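Data first, discussion second: the structure below is written as structure tokens.
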Amino acid sequence: MNIHESEKIAGILEDMGYSECSDEKDADIIVFNTCCIRDNAEKRALGNIGAVKHLKKENKNLIIAVVGCMTQQEGAGLTLREKYPYVDIVLGTNNLHELENCIVRLRNSKKKSVLIDTNDRPQVREGERVYRTSGTNAWLNIMYGCNNFCTYCIVPYVRGRERSRKMSNIMDEFKRLLDEGYKEITLLGQNVNSYGHDLDDGSSFAGLLSEISKIKGKHRVRFMTSHPKDLNREVIDIIAESPTICNNIHLPIQSGSDKILQLMNRHYTRDYYLETIDAIKAKIPDCGITTDIMVGFPYETEEDFQDTLDIVRRVKYSSAFTFVYSVRRGTKAALMPQIPPEVSKDRITRLIAEQNKITKELSGLYEGKVYEVLCEDKAPKKEGYVCGRTDSGRLVTFKGEDKLIGSFVNVKINKSQSASLFGDIVED
Ligand code: 5AD
Ligand code: SF4
């Protein structure tokens, strides 16, 4: 989501005549697109903003802008202005379209801008210019915002309520991206399963996926993120039947304990979640299932944590994003009693070790088999090698020339190493 938003920022700048440079010393403008989902993301953003102060001294005309979630937190605009007075432009998440005006105003009359619109149902914008940076994959927003208010999460406060794009606009963009040559399109939303609920025209995520699956051709579709309370059987059936929609579902569990799930306001139980997983596995046997898991949420006991480990062992995720709970000001969980950091640290270490074991075990199952891989890029630090993903989302590295990037190839896996798979191209 953040990467795609940066592509939109770059689109605005490109329209104004700016072009990308590789060294910040050469920049005429630096835009920080911030995230505040966890404390470390926020600290990193502030550290990075602090680190460009000297550039402003060397180049008085350098424009520094700060945008994204962090600016939308209460009082953030003021704090940024006081602590980082060399920042020229601060824009909230609903003010991004004003970037061009702010830059022009600054260039013409040296006026700085802090614009933070707190409307939680801002208008959905269409026709945004995007400067795409993601190679063979293109990101496509289907909706913005979130209505769920999980008690740990800042997103609904900084991104507002759910707003869906009209299906016709999504379909137009989808077809345009295919025409432009993208081989993989990832649909984006905080909670894609509630797509259309706010439109009152009968649109739904299942309806959208079904329309998308009717588009013929050799391409792949992924989507994220699904909320376990809303991922219904209709969607699972569409994925199972469609050759273009990847057998890959990201389904954040957060915790395996019913007590913690309730405190998190997640609106599902571990049994309900496991039933959904069983339905996925029954309909899509080779589905790559990934998740987000948090440890150290308020009131989490060792027993609750054991429930989380138990879910991890039962589901056998192909990979998991694991996080230590981080207090977010203004959320309900911030008012709950916090557990000691050393306890969280110990739990995250054990959780990662457990997941690594499973990832390794699952990787072994790929050995000796042939998979269709969409070649995405050069392999990092491996001359003469390229990499790409299987339909289920697993990364594979194999020998091949750069000209393969953007094409589908069959690869026989001959080695696995924890999360990495290695193979050789085989003829059809
Ligand atoms: N602390 C830690 N992790 C968080 N996430 C969201 N809010 C927090 C928080 N306060 C995690 C959740 C979510 C992912 C995007 O980030 O696991 O699914
Ligand atoms: Fe945050 Fe929950 Fe919304 Fe995801 S569903 S963005 S975790 S509030």
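The values are calculated or read from the model by the stated rules, or taken from the named source; none is laboratory data. From a predicted model like this one, the values you see are computed outputs, not experimental measurements. Virtual Cβ from ideal backbone geometry, glycine too; neighbours counted across all protein chains shown.
Do any residues in the range 286-300 that are within 13 Å of LYS345 (Cα to Cα) have Cβ atoms under 7 Å from those of residues that are in a strand (DSSP E or B) and not polar (S, T, N, Q), where the two are at least six apart or on different chains, and which pairs are they?
Short answer, once both residue conditions are applied: MET294/PHE323; VAL295/VAL324; GLY296/VAL324.
Residue-by-condition table, conditions (1) in the same structural domain as PHE149 (by TED's automatic domain parsing); (2) within 13 Å of ligand 1 (Cβ to nearest atom); (3) part of a strand (DSSP E or B); (4) farther than 24 Å from THR225 by Cβ:
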{"position": "ALA320", "(1), (2), (3), (4)": "no, yes, yes, no"}
{"position": "VAL327", "(1), (2), (3), (4)": "no, yes, no, no"}
{"position": "GLY330", "(1), (2), (3), (4)": "no, yes, no, no"}
{"position": "ALA334", "(1), (2), (3), (4)": "no, yes, no, no"}
{"position": "PRO337", "(1), (2), (3), (4)": "no, no, no, yes"}
{"position": "GLU342", "(1), (2), (3), (4)": "no, no, no, yes"}
{"position": "LYS345", "(1), (2), (3), (4)": "no, no, no, yes"}
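Just to be sure, is GLU42 surrounded by 13 or more Cβ atoms within 10 Å (Cβ to Cβ), of a type in the set (Asp, Glu) and either modelled with pLDDT of 95 or more or within 25 Å of the chain's Cα centre (by Cα) (or both)?
Criteria met by GLU42.
Tell me, which strands (runs of 3 or more DSSP E) lie completely within the range 129-247 with 2 or more residues that are away from ligand 1 (no atom under 16 Å from the Cβ) and either touching a Lys or Arg at 6+ places or on another chain (Cβ under 8 Å) or on the phi > 0 side of the Ramachandran plot (or both)?
Of the strands (runs of 3 or more DSSP E) lying wholly inside the range 129-247, those with at least 2 residues that are away from ligand 1 (no atom under 16 Å from the Cβ) and either touching a Lys or Arg at 6+ places or on another chain (Cβ under 8 Å) or on the phi > 0 side of the Ramachandran plot (or both) span 137-141, 184-188.
Counting residues that are within 16 Å of ligand 2 (Cβ to nearest atom), which helices (runs of 4 or more DSSP H) fully inside the range 2-71 reach at least 2?
2-15, 39-50
Could you grab me the full set of residues in the range 47-76 that are among the charged types (D, E, K, R) and in contact (Cβ under 8 Å) with a residue 60 or more places away in the chain?
The answer is GLU74, and nothing else.
Going through the range 150-171 one residue at a time, which ones are within 11 Å of ligand 2 (Cβ to nearest atom), of a type in the set (A, V, I, L, M) and more than 18 Å from the chain's Cα centre (by Cα)?
If the condition is that a residue be within 11 Å of ligand 2 (Cβ to nearest atom), of a type in the set (A, V, I, L, M) and more than 18 Å from the chain's Cα centre (by Cα), then no residue fits.
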